[in-house]
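Notes follow the structure.
The values are calculated or read from the model by the stated rules, or taken from the named source; none is laboratory data. A quick note: this is a predicted structure, and the numbers were derived from the prediction, not measured. Using ideal geometry, Cβ is built from the backbone for each residue, glycine included, and neighbour counts are taken over all protein chains shown. The accessibility values were calculated without ligands, DNA or RNA, using every heavy atom of the protein model including side chains. Shrake-Rupley method; radii C 1.70, N 1.55, O 1.52, S 1.80 Å.
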Amino acid sequence: MAPTGLCPAFSVAAGASGKWLAVGGTDHFTQLWNAAEGTLAASLEATKPPIGAVAFSADGALLTHTSPADGLVWVWQAATASPLLILIEAADGCTLEGVAFHPDGRRVAAGGIDYLSTGDRTGAVCIWDLPTKDKLSTIEVGVYAVCFDPSGKYLAGAGIEDTVFVWDAATQETVFELAGHQGQINAIAFDPSGSYLLSGGDDMTVRVWDVLSGRLVVAREFDSPVQSLAFGPDGRFLFCGNGNTTCYQVEFKKLLEE
């Protein structure tokens, strides 16, 4: 199937260098843009629409996108727009809601929801080793989003029961369960210093947590559900993608102080 042109974006990610911008569409394709030149470099095809999540490795060399309907995670080489590998049933048979690279670029975490479960399992987060294509571990918790902290020590997940989970990435032991949201948590992000973990969701709040203690630092209310969170490379600005189709640029220091 060939791309038919522009379509609504379902997910967006930017490479750390600022060169690459990936836009996952409601169709079969992730559009890979050379942001520096403003040109479309390639259209990366998945098997089924939409493209659920996109993420770059820390060095920008690799791009991953998910195909939620069939449980596949595709890993691409950004420079050549060529596929590197496909992870099958990447979230252990669950729908794919989130994907994230470990800072070392060798590991990927994929998480999702088990909507067909008849038992206690709500979903799963799986950590994969890309060079060997081995599944290293599975955490039996359903999530809407996942992210690693900049050091790679912690893995966080936006749990389906309005709770943010923080796990030790090496042992998968639970470090914190952070409660407080009054609705679905759609997005989580560590700041570039690794000191803070942010969560945003349908309750129209962004909550800032201290990573070392698990303490809630501040909760800020917005005028729309928060759908996505991302920091600029230097951590000065936080970008909030909102349910009313707006995006806010917020000075993070002021968010902490106000």
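Descriptive notes on the structure:
- Residue list for segment 219-234, filter: more than 13 Å from PHE252 (Cα to Cα) and of a type in the set (A, V, I, L, M): VAL226
- Residue count for segment 222-240, restricted to those that are open to solvent by 30 Å² or more (accessible area, probe 1.4 Å) and in a loop (DSSP other than H, G, I, E, B): 6.
- Evaluation of LEU197 against (1) in a strand (DSSP E or B); (2) farther than 28 Å from LYS253 by Cα (one fails), failing number: (2)
- Within segment 40-69, considering residues that are among the β-branched types (Val, Ile, Thr) and open to solvent by less than 60 Å² (accessible area, probe 1.4 Å), the one nearest to CYS94 (Cα to Cα): THR66
- Scanning segment 200-216 for residues that are in contact with a Ser or Thr (Cβ under 8 Å, 6 or more places away or on another chain) and either open to solvent by 50 Å² or more (accessible area, probe 1.4 Å) or modelled with pLDDT under 95 (or both) yields MET204, LEU212.
- Restricting segment 138-154 to residues that are within 11 Å of ALA109 (Cβ to Cβ) and over 15 Å from the mean Cα position of the chain (by Cα) leaves a set whose member that is surrounded by the most Cβ atoms within 10 Å (Cβ to Cβ) is ILE139.
- Members of segment 12-32 that are assigned to a strand (DSSP E or B) and either open to solvent by less than 30 Å² (accessible area, probe 1.4 Å) or within 17 Å of SER57 (Cβ to Cβ) (or both): VAL12, ALA13, ALA14, TRP20, LEU21, ALA22, GLY24, GLY25, PHE29, THR30, GLN31, LEU32
- Residues (hydroxyl-bearing (Ser, Thr, Tyr) and crowded, with 17+ Cβ neighbours inside 10 Å) located in segment 87-121: THR95
- Hits in segment 169-194 - residues which are in a strand (DSSP E or B) and of a type in the set (Ser, Thr, Tyr): THR174
- Only listed residue being surrounded by 13 or more Cβ atoms within 10 Å (Cβ to Cβ) and within 25 Å of ARG106 (Cβ to Cβ), chosen from ALA158, ALA219: ALA158
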